[in-house]
Structure formats: C-alpha cells, structure tokens
Amino acid sequence: MIDEAQALGAFAALSQETRLRIVRLLVTAGPEGLAAGMIGEAMDGASSSRMSFHLNQLEQAGLVASRREGRSIIYSAAYPALSSLVEFLMRDCCQGHPEVCTPALEALSCNCPPTEEKTHA
C-alpha cells in the first residue's frame, strides 16, 4: 500500500504527456515489456536520450521496471505499483455507499477475451 508522498511522486511522473503515453504503452505490452528502442519508436521516434530521461523518471517513481536482456534494456509496467496507485485513489471511495464505487469498479474490470488453450497433438 502506498502513502500520500509516494502517490504524489507517481502522479508527478505521470503528469507529463510522454511519460503517461509510455506507461499506457507498457501496460498494453504486458509483463514481457518492450525494449527501449521500441518504446522510442512508438513515441514518434524520440531520441534515446529523451527516452532515457523519461524512463528513468518513471522508474524512480516506481511505475516501470527494467531488466537487461543481452544488449537491450527491457522496460515493463510495474503492475503492483499501478494497482496500488488506483487503490490509493479509491481507498475511501464509498463511505458506506457502494453504489458510488460501482462505475469505477466496472471500469477496472478486465475486458480481455479469454485466451485459447493450445493443445499439442
């Protein structure tokens, strides 16, 4: 669970357009993440120094994680931190009135189609 100071740091990092776009891209990419170069390409071909700056800000805020794979640095969304940030916002949501939280909970429900099980013949 995050506290107010951590939430402020995360929101400060997300308050910049490129960083918000990066986080949304990484959430979409899934746990496997994306190489820094691919993130730069997705951000309209942003320079590596610009991407490094933004990714470092997001990593310092705890919103993304990085790992080295060969010569590449792979970045992925820090799902627990993002979930904690949403939980921080919704912590005192309903105050005994669950209908207040219902629209937010419905928006957060996963609308992902079920994956098909692959069978080996």
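Points worth noting:
- Residue check, residue 53 among the aromatic types (Phe, Trp, Tyr), within 17 Å of residue 14 (Cα to Cα) and at pLDDT below 95: no
- Members of region 3-40 found to be acidic (Asp, Glu), modelled with pLDDT of 95 or more and in a helix (DSSP H, G or I), listed by number: 17
- The set of residues in region 63-92 that are in a loop (DSSP other than H, G, I, E, B), loosely packed, with under 14 Cβ neighbours inside 10 Å and at negative phi comprises 71, 91, 92.
- Near pairs, Cβ below 9 angstrom, 6+ apart or cross-chain, from region 44-62 (open to solvent by less than 60 Å² (accessible area, probe 1.4 Å)) to any residue that is among the basic types (Lys, Arg) and part of a helix (DSSP H, G or I): 54/19; 55/19; 58/19; 61/19
- Candidates in region 12-28 are the residues that are touching a residue at least 40 places away in the same chain (Cβ under 8 Å) and hydrophobic (A, V, I, L, M, F, W, C); of these, the one that is nearest to residue 60 (Cα to Cα) is 13.
- Selection from region 49-62 of residues that are assigned to a helix (DSSP H, G or I) and in contact with a helix residue (DSSP H, G or I) (Cβ under 6 Å, 6 or more places away or on another chain): 51, 54, 57, 58
- Filtered residue count, region 29-43, keeping only those that are open to solvent by less than 20 Å² (accessible area, probe 1.4 Å), without any contact (Cβ under 8 Å) to a residue 40 or more places away in the chain and in contact with a Lys or Arg (Cβ under 9 Å, 6 or more places away or on another chain): 2
- Selection count where residues are touching a residue at least 24 places away in the same chain (Cβ under 8 Å), within 21 Å of residue 1 (Cβ to Cβ) and of a type in the set (Val, Ile, Thr), scope region 63-100: 1
The values are calculated or read from the model by the stated rules, or taken from the named source; none is laboratory data. This one's a predicted model, so the numbers in the text were calculated from it and none came from an experiment. Positions of Cβ are generated from backbone atoms using ideal geometry, with glycine treated the same way; all protein chains shown enter the neighbour counts. Remember, those area values only see protein heavy atoms, side chains included, never the ligands or the DNA or RNA. Shrake-Rupley method; radii C 1.70, N 1.55, O 1.52, S 1.80 Å.
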